[in-house]
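Input: a single structure, listed below in structure tokens.
The values are calculated or read from the model by the stated rules, or taken from the named source; none is laboratory data. None of these values were measured; they are calculated from a predicted model. Neighbour counts are summed over all protein chains in view; Cβ atoms, including those assigned to glycine, are modelled from backbone coordinates with ideal geometry. Just so you know, the surface numbers come from the protein's heavy atoms only, side chains and all, with ligands and any DNA or RNA stripped out. Shrake-Rupley method; radii C 1.70, N 1.55, O 1.52, S 1.80 Å.
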Amino acid sequence: MGSRESILAKLKANKPEAIDLPKIDLNVFNEDLDLIKEFTKKVEIVGGSVIEISNDEEVLTHLKKTFPNTKINFSNLDNTQSFNTIDLSTIKNPRNLEDLDVLVLESKIGVAENGAVWLDDNDIPIRVLPFITKHLAIVISKNNLVPYMHEAYKSLSNHNSSYGVFLSGPSKTADIEQSLVIGAHGALSLTVFLK
Amino acid sequence: MSHPKLASIFNKDEKRVDWHDKALWFVRHKRDMSAHSVKGWEELRNLGHGIKAHMLSNLDNYLIQFEENALKNGVQVHWAANGKEHNQIVHKILKEHNAKKIVKSKSMLTEECHLNPYLEADGMEVIDTDLGERIVQLAKEPPSHIVLPAIHKDRHQVDELFQEHLGTKPCDGDPQYLTGEARKHLREKFIQADAAITGVNFAIADTGGFVVCTNEGNADMGAHLAPVHIACMGVEKIIPKQEHLGVFLRLLARSATGQPITTYSSHFKKPQPGSKMHIVIVDNGRSEQLSRPDFRASLHCIRCGACMNTCPIYRRSGGHSYDATIPGPIGSILSPGKDLTKYSSLPFASTLCGSCSDVCPVKIDIHSQLYKWRQIITKNTPQPFVKKQSMKFMGKLFAKPSQYETVGKIARWSLRNLPKSVINSKPNTWGKARDLPIGPKQSFDDWYKERENNKKSNDQ
């Protein structure tokens, strides 16, 4: 008997009698959050910043001002040819993205309770992009904010992505004497543009 | 070595113990603030407990469902009965891909199976990429905490380690500089890696996908850059549906560090084009633990470390004193199931105060399980002669109220009148590292009787 069969047989023999799956009552959690206010607060708590905008052009204007001399930039917003300095279709190996300076992506779900935004492979042409870039900017519509993770997963149930991430703030660590340092392996900064 | 012996080594440096104690209590405090700001927190814990209990009661079928979906997604699935088989499987996959340089993100399971030395014996380079894990790896030590692996080290020790191994400049332990240097060093490793190994925080039966949570982004840097990704999971990591992540992701980071969620909660389902993804499902004693009704709830654990941060013993004895991959209260109920003799002192490393159970996000009755292990261990493993005799003596004493009263009187008098050199002398283990209180003149019994008499006289 292979390990698969022996493990499954043991688990079957040793498991307790069937216990029902509890039902999740979302009303218990509801506290009528002001979504924009809560989301903004949480993004700032986790080390990111939030900027409200009225159109996509403001994103690029702001980024060019904040990061003036960056060499390698990429955005997946429409009409950003002037900003993009690389063509992703020519990237054969994700390792070649090592020097990426600024990356702009769009998200379809933001979560107010923790400031997380959802990105999946419909938004990320190459998976390593949001991690390997030095600076990350996310654009999200105010209409796409949900209060809690429960609602986020509800809207994800229609998506069928092969990879996705809830991303909350820039990369960080506190492994040296519990001192918080922003910028471990992933992005050194996160700016969320709310439109 | 037993827990008290190893703890006494940690306790030699009193300043470090104080720092360790305070640092962890600070994390516990952050957990409290975070938990109290969530409406319905207790209901979340109930749901976490209930979903895990349901999962365990149908574990075999959920694993089959998970496997079926993972295979459909193009992921290869392997099964390992124990740590040895797990290591062999991982080694074989790496060999097949001709992988020599491996980056690993934090995984307590691979620690449990001692994967690194196994692969290193064949000349492979295994780099732990979580900063805390990298620090202890350079120091050739195991992690002392499951969320904060290097919590027992101070910044100057890290400074010295980095100077020695990474050639950094002396910086008086500047965390910003040291983290920056680690970023450069590890980025090189990510770029060169032939394969990435990660753990699994949650595996979802109805999608065949799995979730990995990190703050640093190291799991993603590894998995997306290397052509091969191997994810290793214990059988108990399964949850039935994706929507249940809504419960567990709300609980995990808040309980662990007080953050509202980890920076990255990555959902892996299919390999990216041109690369391979493998999942190794490991038993290694878990099915055995499932057979014990009193202890099976220990398999609910989502590895947040909250029980360690709150435990008065863990905070003052350090993770290494448990001599187990999972230390602290949760480790003390998991380990005896694996080796009752080796871990016989762990369930006694507790005040039974119940704080661990109070903070557990999935409501494991940790302190009652510690108590239950004590009963089993006392019956099944040889106990020290002095402990056995003194328990017998105390049993007899407690059975005779008059004798107990006399002994109490002597003890209270002694605590008031005998010099410290006698009271804190060697035979009195209670006086080892602390001063004992001055004995009161009155016993509790006397005090109670007096109180009742006063009540009566007031009533009249």
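One line per residue, one yes/no per condition, for (1) open to solvent by 60 Å² or more (accessible area, probe 1.4 Å); (2) over 24 Å from B:R316 (Cα atoms); (3) in the same structural domain as B:H224 (by the TED database); (4) in contact (Cβ under 8 Å) with a residue 40 or more places away in the chain:
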site: B:M108; (1), (2), (3), (4): no, no, yes, yes
site: B:Q137; (1), (2), (3), (4): no, no, yes, no
site: B:I146; (1), (2), (3), (4): no, no, yes, yes
site: B:C171; (1), (2), (3), (4): no, yes, yes, no
site: B:E181; (1), (2), (3), (4): no, yes, yes, no
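Here B:E141 meets each of (1) touching a residue at least 24 places away in the same chain (Cβ under 8 Å); (2) out of contact with any Ser or Thr (no Cβ under 7 Å at 6 or more places or on another chain); (3) surrounded by 18 or more Cβ atoms within 10 Å (Cβ to Cβ); (4) not small (G, A, S) with one exception, condition (3).
For segment A:161-195, filtered to residues that are hydroxyl-bearing (S, T, Y) and touching a Lys or Arg at 6+ places or on another chain (Cβ under 6 Å), the residue that is nearest to the other protein chains (Cβ to nearest Cβ) is A:S162.
Condition check ((1) within 24 Å of the chain's Cα centre (by Cα); (2) not β-branched (V, I, T)) across all residues:
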residue: A:E17; (1), (2): no, yes
residue: A:I24; (1), (2): no, no
residue: A:N27; (1), (2): no, yes
residue: A:K37; (1), (2): yes, yes
residue: A:K41; (1), (2): yes, yes
residue: A:K65; (1), (2): yes, yes
residue: A:N73; (1), (2): yes, yes
residue: A:N84; (1), (2): yes, yes
residue: A:S89; (1), (2): yes, yes
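Conditions (1) more than 9 Å from chain A (Cβ to nearest Cβ); (2) closer than 20 Å to A:Y163 by Cβ, marked per residue:
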position: B:S266; (1), (2): no, yes
position: B:P271; (1), (2): no, yes
position: B:L290; (1), (2): no, no
position: B:C307; (1), (2): yes, no
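Out of A:I19, A:I51, A:I7, which single residue is at pLDDT 95 or above and in a loop (DSSP other than H, G, I, E, B)? Please lay out each step first, then the result.
Numbers: A:I51 fails: in a loop (DSSP other than H, G, I, E, B); A:I7 fails: in a loop (DSSP other than H, G, I, E, B).
Just one listed residue meets the conditions, A:I19.
Restricting the first member to segment B:388-410 and to residues that are aromatic (F, W, Y), and the second to residues that are part of a helix (DSSP H, G or I) and open to solvent by less than 80 Å² (accessible area, probe 1.4 Å), the beta-carbon pairs closer than 7 Å and six or more apart or on different chains are B:Y404/B:L397.
Pull up segment B:43-77, narrow it to residues that are open to solvent by 10 Å² or more (accessible area, probe 1.4 Å), of a type in the set (A, V, I, L, M, F, W, C) and facing chain A (nearest Cβ under 9 Å), then point me to the one that is nearest to the chain's Cα centre (by Cα). Write out each step before concluding.
Applying the first criterion (open to solvent by 10 Å² or more (accessible area, probe 1.4 Å)) to segment B:43-77 yields B:43, B:45-46, B:49-50, B:53-54, B:58, B:61-62, B:64-65, B:67-69, B:71-74, B:76-77.
Adding the requirement that they be of a type in the set (A, V, I, L, M, F, W, C) leaves B:53, B:64, B:71, B:77.
Next cut, facing chain A (nearest Cβ under 9 Å) only: B:53, B:64, B:77.
On the way: B:A53: 20, B:I64: 28, B:V77: 27 Å.
Checking each candidate, the answer is B:A53.
Checked against (1) under 30 Å from B:C356 (Cβ atoms); (2) open to solvent by 20 Å² or more (accessible area, probe 1.4 Å), B:S275 meets all criteria but (1). Out of curiosity, is B:L131 within 28 Å of the chain's Cα centre (by Cα), within 12 Å of another protein chain (Cβ to nearest Cβ), under 27 Å from B:V17 (Cα atoms) and open to solvent by less than 30 Å² (accessible area, probe 1.4 Å)? So B:L131 fits the description; yes.
Here's the yes/no breakdown for (1) out of contact with any Gly (no Cβ under 9 Å at 6 or more places or on another chain); (2) at pLDDT 95 or above; (3) among the basic types (K, R):
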| position | (1), (2), (3) |
| --- | --- |
| A:F39 | no, yes, no |
| A:G47 | no, yes, no |
| A:D56 | yes, no, no |
| A:L105 | yes, yes, no |
| A:K108 | yes, yes, yes |
| A:N114 | yes, yes, no |
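Any idea which residue in segment A:22-34 is nearest to the other protein chains (Cβ to nearest Cβ), counting only those that are open to solvent by 70 Å² or more (accessible area, probe 1.4 Å) and not in a helix (DSSP H, G or I)?
Here is the first cut: in segment A:22-34, the ones open to solvent by 70 Å² or more (accessible area, probe 1.4 Å) are A:23, A:25, A:27, A:30-32, A:34.
Subsequent filtering for residues that are not in a helix (DSSP H, G or I) retains A:23, A:25, A:30-32, A:34.
On the way: A:K23: 9, A:D25: 8, A:N30: 8, A:E31: 5, A:D32: 10, A:D34: 14 Å.
By that ranking, first place goes to A:E31.
Per this entry, B:K184 is counted among residues that are under 23 Å from A:T173 (Cα atoms), among the basic types (K, R) and at pLDDT 95 or above.
Examine segment B:212-234 for a residue that is within 7 Å of another protein chain (Cβ to nearest Cβ), surrounded by fewer than 24 Cβ atoms within 10 Å (Cβ to Cβ) and either under 30 Å from A:V181 (Cα atoms) or at pLDDT 95 or above (or both), and state whether such a residue exists.
We begin by selecting, within segment B:212-234, every residue within 7 Å of another protein chain (Cβ to nearest Cβ); these are B:215-218, B:220-221, B:224-225.
Imposing the further condition that a residue be surrounded by fewer than 24 Cβ atoms within 10 Å (Cβ to Cβ) reduces the set to none.
Scanning segment B:212-234 turns up no residue that is within 7 Å of another protein chain (Cβ to nearest Cβ), surrounded by fewer than 24 Cβ atoms within 10 Å (Cβ to Cβ) and either under 30 Å from A:V181 (Cα atoms) or at pLDDT 95 or above (or both).
Determine whether B:I326 is in a loop (DSSP other than H, G, I, E, B) and over 9 Å from the mean Cα position of the chain (by Cα).
Numbers: in a loop (DSSP other than H, G, I, E, B): yes; over 9 Å from the mean Cα position of the chain (by Cα): no.
When the stated conditions are applied, B:I326 does not pass them.
Which of the helices (runs of 4 or more DSSP H) found entirely inside segment B:347-456 contain at least 3 residues meeting this: surrounded by 14 or more Cβ atoms within 10 Å (Cβ to Cβ) and modelled with pLDDT of 95 or more? Correct list: B:355-359, B:366-380.
Out of the residues in segment A:84-109 that are within 13 Å of chain B (Cβ to nearest Cβ) and within 25 Å of A:T66 (Cα to Cα), which is surrounded by the fewest Cβ atoms within 10 Å (Cβ to Cβ)? For segment A:84-109, the residue satisfying everything is A:D99.
Looking at B:L6, B:L94, B:L24, which one is at negative phi and either assigned to a loop (DSSP other than H, G, I, E, B) or in the same structural domain as B:I239 (by the TED database) (or both)? The match here is B:L94.
Specify the residue that is nearest to the other protein chains (Cβ to nearest Cβ); the eligible residues are those in segment A:117-127 that are crowded, with 23+ Cβ neighbours inside 10 Å and free of Cβ contacts under 8 Å to residues at least 60 places away in the same chain.
Narrowing segment A:117-127 to residues crowded, with 23+ Cβ neighbours inside 10 Å: A:117-119, A:127.
Next cut, free of Cβ contacts under 8 Å to residues at least 60 places away in the same chain only: A:118-119, A:127.
On the way: A:W118: 9, A:L119: 10, A:R127: 4 Å.
The residue in question is A:R127.
Would you point out which residue out of A:N158, A:N114 is facing chain B (nearest Cβ under 7 Å) and either without any contact (Cβ under 8 Å) to a residue 60 or more places away in the chain or polar (S, T, N, Q) (or both)? Of A:N158, A:N114, the one residue that is facing chain B (nearest Cβ under 7 Å) and either without any contact (Cβ under 8 Å) to a residue 60 or more places away in the chain or polar (S, T, N, Q) (or both) is A:N114.
Could you run through segment B:242-262 and say how many residues are outside any helix (DSSP H, G or I) and either among the hydrophobic types (A, V, I, L, M, F, W, C) or facing another protein chain (nearest Cβ under 9 Å) (or both)? Selection size over segment B:242-262: 5.
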